[in-house]
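Please read through the structure below; I'll follow up with questions.
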Amino acid sequence: MRQPNRIALALTACFLSASFAATAANVATVNGVAIPDSKVDFFLKQVAERGQKDSPELRARIKEELIRNEVLFQEAQKKGMEKNADVQQRLDMAKQQILVGAYVNDYAKANPVSDADLKKEYDKIKVNFSGKEYKARHILVKTEEEAKAVLADLKKGKKFEDVAKAKSSDKGSAVNGGDLGWSTPANYVKEFGEALGKLPKGKISDPVKTQFGWHVIKLDDQREAKGPSFEEVKPELMRELQGQRVQKMVEELRAKAKVE
């Protein structure tokens, strides 16, 4: 009796193993066209950057979307859509945008912003944190007569919060009794900010006219301004400085380019 050909058996085993691996690496096959797991991983990475977490349900949705896209892609190919001039133009532009994005990302990784640079930038803006912050409320009405009527109600003992809810046209703050939270005078229009800065704590202003109408302002509290910490603004500073570096790189390349 002949012994089995060991080489043939080995090749068969390798073939079966490779075939199994290839099947395992595909999330689905549509009309004979395989959709690799790598596409699922790519989409997972994209949604993860937007805060979504990996889950069986998310993977199932991505798989179904990939299958639908493949079905439509095959139909578009059957109709020769890739030969359409408008489609070709869009494909060329999409390719260019993808490559530009990849180049910019690669440049940003190769030229990282250091903590020293970030702290230097933070020190520049930190000087703007000085001064006072005010916790104010206001009631906004259309006319001076209405503002005077509001003041009359308050002098009769009505609560500022109740009058704001009933009469203020600033519905965003009215629901909270006119509360505007903590802010600096510079964050308001000039007339409002100036009036707020002159108010003693707990006092109510005379009617103040601005471009929005007539305001009656109450100062609840005040404190020394306390800006955000370095760690709080670090991500925003990082994006800003990276953007500046990328912009500088683009301008330098543009200056070197031969444009006719």
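Taking region 34-124, which chymotrypsin sites (Phe, Trp or Tyr not before Pro) meet the DSSP loop condition and have no more than 13 other C-beta atoms within 10 Å?
Hits after loop and neighbour filter: nothing returned.
To continue, here is another question. Excluding residues on the same chain fewer than 8 positions from LYS39, give the lysines whose Cα lies under 30 Å from its Cα.
LYS53, LYS63, LYS78, LYS79, LYS83, LYS95, LYS109
Starting from the 7 Å offset along Cα-to-Cβ, what nm value, one decimal, do you get for the label separation of ASP86 and ARG254?
Going from the ASP86 label point to the ARG254 one covers 3.0 nm.
Here is a follow-up. Going through region 75-121, which trypsin sites (Lys or Arg not before Pro) have at most 10 other Cβ atoms within 10 Å and a DSSP loop state?
Values: sites: LYS78, LYS79, LYS83, ARG90, LYS95, LYS109, LYS119, LYS120; in loops: LYS79.
Sites meeting the loop and neighbour criteria: LYS79.
Sticking with this structure for a sec: So what is the relative contact order of the chain, in percent, for Cα pairs below 8 Å that sit 6 or more residues apart?
In percent, rounded to a whole number, it is 17.
Now a separate question. Beyond 16 Å, what share of the Cα-Cα pairs of region 57-115 remains, rounded to the nearest whole percent?
68
Which pairs, out of LYS119/LYS190; LYS165/LYS218; LYS132/LYS201; LYS142/LYS171, put more than 21 Å between their alpha-carbon atoms?
Those over the limit are LYS119/LYS190.
By how many nm would the segment from ALA48 to LYS95 grow when fully extended, if each residue of separation counts as 0.36 nm and the alpha-carbon distance is taken off?
14.6 nm is the gain from fully extending ALA48 to LYS95.
Okay, moving on. State the volume of the convex hull built on the alpha-carbon positions of region 145-260, expressed per residue in Å³ and rounded to an integer.
Hull volume over Cα atoms, normalised by residue count, gives 181 Å³.
LYS126: which lysines have alpha carbons under 18 Å from its alpha carbon, excluding same-chain residues fewer than 8 sequence positions away?
Here the lysines satisfying the reach criterion relative to LYS126 are LYS226, LYS234.
Roughly what % of Cα-Cα distances in the chain sit above 24 Å, to the whole percent?
73
A short reminder: the numbers here are calculations on the coordinates, not readings from a lab. None of these values were measured; they are calculated from a predicted model. No Cβ is skipped: glycine too gets one built from the backbone with ideal geometry, and neighbour counts run over all protein chains shown.
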